[in-house]
Structures are given as C-alpha cells and as structure tokens.
1. Compare the peptides 73-80, 3-10 by average per-residue count of other Cβ atoms within 10 angstrom and give them in order, highest first.
2. Just grab the label-to-label distance for His92 and Arg170, each label 7 Å out from Cα along the Cβ direction, in nm (one decimal).
3. Quick query: amide H of Cys171 versus all other amide H atoms, modeled in the peptide plane; which residues come in under 5 Å with a sequence gap of 5 or more or a different chain?
4. Beyond a 21 Å Cα-Cα separation, which of these cross-linked pairs lie in this structure: Lys84/Lys147; Lys37/Lys147; Lys84/Lys181?
5. Considering amide H positions built from the backbone, and no H for Pro or chain starts, which residues 5 or more places from Gly79, or on another chain, come under 5 Å of its amide H?
6. Where does each of 63-69, 11-17, 106-112, 192-198 land if you order them by average Cβ count within 10 Å, highest first?
7. Within region 113-146, whose backbone N sits under 20 Å from a point 7 Å along Cα→Cβ of Glu186?
8. Taking the highest mean first, how do the peptides 23-32, 172-181 order by number of other beta carbon atoms within 10 angstrom per residue?
Amino acid sequence: MGRLEQAAFARAVHALSELPPPDAPEVAFAGRSNAGKSSALNAIVGRRRLAFTSRTPGRTQQIVMFRLPGGQHLVDLPGYGYAKVPESIRRHWESTLAAYLRERPNLEGLVLIMDARHPLTPLDRRMLDWFAPTGRPIHCLLTKADKLGRQEAARTLADARRALRAWGERCSVQLFSSVGKTGVEEAEDVIAGWLRVFPRAPEPETSEAPTRRRGPRGRPAAGAPGGDRRRRAKKSPSGEARASRRRPRAKGDKHEAEMP
C-alpha cells in the first residue's frame, strides 16, 4: 500500500476562515485548470476517483482537503487561468490563493502542476512569485509527459530546470504522466517527506517451533521426539514385559528347542 493511499475527503471550503486549525502539515496542489491537476493527485495517492476530474476545466471552485490517518492534509486548490470563469470569481480566488500560499503557517510545500507541452506560463510564474518568498519548497510536475517523445521530454525538463533557478534552490521539477505512471513514485516520495509520512518498518520474523516428524499413521518417526518411546516393549496386564518365545523345533533336529 502506498504511503498516501489512505487519504480521504475531509472538507471543501470557499473562504480561508473555513479552514481547519493549522495543527498538522499540509501540502497544496496548484496549477492551470487544464493541466491535469486532479488526475495527478489521484495517480500519486493511487486512487482513481479521490479528486474529482472533469472534462470541463475550472470546475473546482473550492479548496478541497483530503486527510491522511496522521492528520496531515493534501489540499487541492482551484485551478487558475481558464477564460470561462467569471471575472468576479477569478478575482476572489486570486486574492484567496495568494493569502493561503503566503500566510498558511502549516503549509509545508507546494506541488505546482504544469502541462509539459506548455510549461511556465505567465500564470505559473505568478504562482511561483507568490510562494517562493516564503522559503518553502516547490516541486513542479510537468504533466502529460506521455504526449512528448523521449528527446523532447528530456529537452523540456532541462529547459524547465534552468528557468526555475530564478526562484531559488528549493524549487525542483520532474516529468510526470498520470496515464503512463511516469514519475508517480518520485512525486510520492517528495510529498510524503514533506508531510513526514514514512514507510512502515518491516515486522521482525518470528521463529517457529520445529515440526515433529511423523511416521506412518501419524505416529512420530524413529529418532523424532517421542518416537523411541513408542517402540518400547508392550507390557502385560501385570506390568511385566512379555518375553518373546521361539517356536520349538520338531523332533529329529540337531539342536534342542530353545526354552525361555
């Protein structure tokens, strides 16, 4: 089982005042509305329908929180940049997201989702500008990497690494595909480390008692514990061992019959 697989829906909020107390670590997922953010989150936790995915970009209009057994939260932020979102909603979420990213005290890091075919758009750069000054780590996922050839994907990753140096050393990037599962384990390692969710230690092996060798009819075999006792001579009702008698030889034999 993956370290984040037990995440479960906790709440969806419209305003920062509705957030739970900041007493457990959180990791936020942000990105453009059509960059595959919900699909990436589902792939990382190993659940197909944890975060809602829709063919209509920008449908998520709330901060959605998923809770882990230890109290930590994965936070799915509303997608940004989709033209059909009303201007009033866009302004609300722009100010809300900026305040959340800058002021949430228990926010351990930001996972920034960017389409590998169109990385570092002006809105992506604005998100980096909001969060980088906090000094907390940023991990960028170049999603839909399966739509790029191998050489093109390697070139895109190298270009993104160079560009992200402008936001400091705590900004990392990787290729990712929720379809081909590329980079899923790497992303899980980063997020689990931020949330301090560590793999379980292997249970110690228990030593089993030696199995008794069994002979025919379920009796202990010769040499096994308890096996020799069964081969002792049978005793008569009086408690004395019955001595074996040889059958007397017929007359005319060279030797006399052996008597007890």
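The values are calculated or read from the model by the stated rules, or taken from the named source; none is laboratory data. From a predicted model like this one, the values you see are computed outputs, not experimental measurements. Neighbour counts are summed over all protein chains in view; Cβ atoms, including those assigned to glycine, are modelled from backbone coordinates with ideal geometry. Just so you know, the surface numbers come from the protein's heavy atoms only, side chains and all, with ligands and any DNA or RNA stripped out. Shrake-Rupley method; radii C 1.70, N 1.55, O 1.52, S 1.80 Å.
1. My ranking of the peptides, most packed first, is 73-80, 3-10.
2. Distance between the two pseudo-spin positions: 3.1 nm.
3. Placed amide hydrogens put Ile138 under 5 Å from Cys171.
4. Working: Lys84/Lys147 26 Å; Lys37/Lys147 16 Å; Lys84/Lys181 30 Å.
Among Lys84/Lys147; Lys37/Lys147; Lys84/Lys181, the Cα-Cα distance tops 21 Å for Lys84/Lys147; Lys84/Lys181.
5. So Gly79 has HN proximity to Thr60.
6. 106-112, 63-69, 192-198, 11-17
7. 113-121, 137-146
8. Descending packing order for the listed peptides: 23-32, 172-181.
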